[in-house]
């Protein structure tokens, strides 16, 4: 599929591919997306249709339901979504665009000035990438050619193109780069600045791919996932080169994090500080537990759930199981394991309930005299503030019997007189299908 806007670059793309197609046995189709962003957009669509019909190629037209709002990135997202869906419906493996060397130079300058993400900023547009997971591949075969060369090609074969009037609108940042910044650099720094920027992007793209591959290997070694997030081995993280540390964080967070915040999180991971938690973009939270750092997505309004014995319940990203067991076996299983609990069954009011902590909650931590506010208990245990709301409490009647992962209530411990026990186990890593039950 050939994406064509009607401009010089994309019209040249269509004619070049049409010329090469017979020898290579390519099946070509032309696609155009009408954003309705200006009065002449309908004329552009008719023009591209004419180009396709003149060459005997199928034509696909996409239309925005209403004029797009927001930035150019929103328009691009709609256009690529249309291209991906159209290619998938027609079982086409490739979508080609007319991006040129000039576009690459503009992209490198734009990203390099706005984002501080190392080689990611300066590697520019990739020659190919997936439009969507498991879907068609986006290719940019003209990245090595300048716009002037394509203009000359169309002049030579006598083919016209259209110019989008918004391409000269200096309200758009890319247009300011194209018409003001780059010409100034080429005049006062180097006439071949665009060539140098584009070729540097190609070199950095190769280095970027190499670092990504190395980072993926370290991610497999250091990161383990659970249903709503992941754990990172902080000891292993410390052993990485600083470049891989930064890249690994960007990769696993899967969101654009500002460089200063990323550095703060990286420094925190390298430190011995545990009583600090982070709120990251897109609702992600982070905290430390021992030699692991936990990253997870904020979850709103986790409901109270009943837990029958024997039985299990999924609460947030936890699965909690309960079963009857003889007291000695239950104690042996729970001894030294914070994710297991042994309780006196005859003191429990069934069914049990699982819920988050609430201000005012109190319990009697095992081994201590008297009750303690859960808020104070969390502070003493150095449980980060953002982590507290994700820890389940197992409740019997109005009593907290187990703060999962930490301590049971002393009143429900197994004594010499206990006849029956309930053994409970908790697991934080659960399958996605369990999470929806």
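Cα centroids of the range 349-372 and the range 400-420: how far apart, whole angstrom?
10
When mean projected area of the Cα convex hull in nm² is calculated directly from the model, which label among [x] 54.2; [y] 27.5; [z] 25.6 fits?
Computing mean projected area of the Cα convex hull in nm² and matching it to [x] 54.2; [y] 27.5; [z] 25.6 gives [y].
Would you mind calculating the relative contact order of the chain from Cα pairs under 8 angstrom and at least 6 residues apart, reporting the percent as a whole number?
It rounds to 12 percent for the chain.
Just subtract the alpha-carbon distance of residue 23 and residue 189 from 0.36 nm times their residue separation and send over the number in nm, one decimal.
Between residue 23 and residue 189, full extension yields an extra 55.4 nm.
Which whole-number percent gives the relative contact order of the range 1-145, counting Cα pairs below 8 Å spaced six or more residues apart?
Reported relative contact order: 24 percent.
With runs of 4+ DSSP H residues as the only contributors, calculate the mean residue ellipticity of the chain at 222 nm using -39,500 (n - 2.57) per run, divided by the residue total and rounded to the nearest 500.
-12000 deg cm²/dmol
In nm, to one decimal, how far is the modelled label at residue 349 from the one at residue 90, with both set 7 Å along Cα→Cβ?
Roughly 6.8 nm, to one decimal.
Packing-wise, with mean Cβ within 10 Å as the measure, how do 157-169, 189-201 rank, highest first?
Top of the packing list down: 189-201, 157-169.
Report the Rg/Rh value for the range 198-268, based on alpha-carbon coordinates and the Kirkwood definition of Rh.
Rounded to two decimals, Rg over Rh is 1.00.
What list do you get for 215, 4, 184 if you sort them by fewest beta carbons within 10 Å?
Sorted ascending by nearby Cβ count, the order is 184, 215, 4.
Taking 2.2 N^0.38 Å as the expected size of a compact globular protein, what ratio does the Cα radius of gyration of the range 2-197 give against it, to two decimals?
1.03
Can you give me the convex hull volume of the Cα atoms of the range 226-351, divided per residue and expressed in Å³?
Taking only Cα atoms, the range 226-351 has a hull volume of 133 Å³ per residue.
At a temperature of 25 °C and a viscosity of 0.890 mPa s, determine how fast the range 29-95 diffuses translationally according to Stokes-Einstein, using the Kirkwood radius over alpha-carbon pairs as Rh; express D in µm²/s, rounded to the nearest whole number.
194
Which percent of the Cα-Cα distances in the range 319-415 go past 24 Å?
16
Gaussian network model of the chain, Cα springs within a sub-10 Å range: biggest mean-square fluctuation belongs to which of 147, 176, 114?
114
Can you run the Rg to Rh ratio on the range 84-235? Use alpha carbon positions and the Kirkwood inverse-distance Rh.
Rg divided by Rh gives 1.06.
Taking N as the number of residues in the range 119-202, what is its Cα Rg relative to 2.2 N^0.38 Å?
1.32
Between 65, 312, 218, find the one with the highest GNM mean-square fluctuation for the chain; connect C-alpha pairs within less than 10 Å.
65
With axes computed from alpha carbons, what is the tilt in degrees of helix 41-55 against the longest principal axis of the chain, rounded to the nearest 10 within 0 to 90?
Around 70 degrees separate the two axes.
Can you say what percent of the DSSP beta bridges in the range 2-197, counting only those with both residues inside, are antiparallel? Round to 5.
Once the DSSP bridges in the range 2-197 are tallied, antiparallel ones form about 20 percent.
In square nanometres and to one decimal, what's the mean projected area of the convex hull around the Cα atoms of the range 353-400?
Approximately 3.4 nm², given one-decimal rounding.
What is the calculated FRET efficiency for residue 55 to residue 264, with r their C-beta to C-beta distance and R₀ = 41 Å, to the nearest 0.05?
E(calc), rounded to 0.05, equals 0.15.
Can you tell me the Rg and the Dmax, both Å, for the Cα atoms in the range 227-297?
Values for the range 227-297 (Cα only, Rg and Dmax): 11.0, 29 Å.
Readers should treat all values here as calculations from the given coordinates under stated rules, not as data from a laboratory. The model shown is predicted, which means the values in this text are computed figures rather than measured ones. Virtual Cβ from ideal backbone geometry, glycine too; neighbours counted across all protein chains shown.
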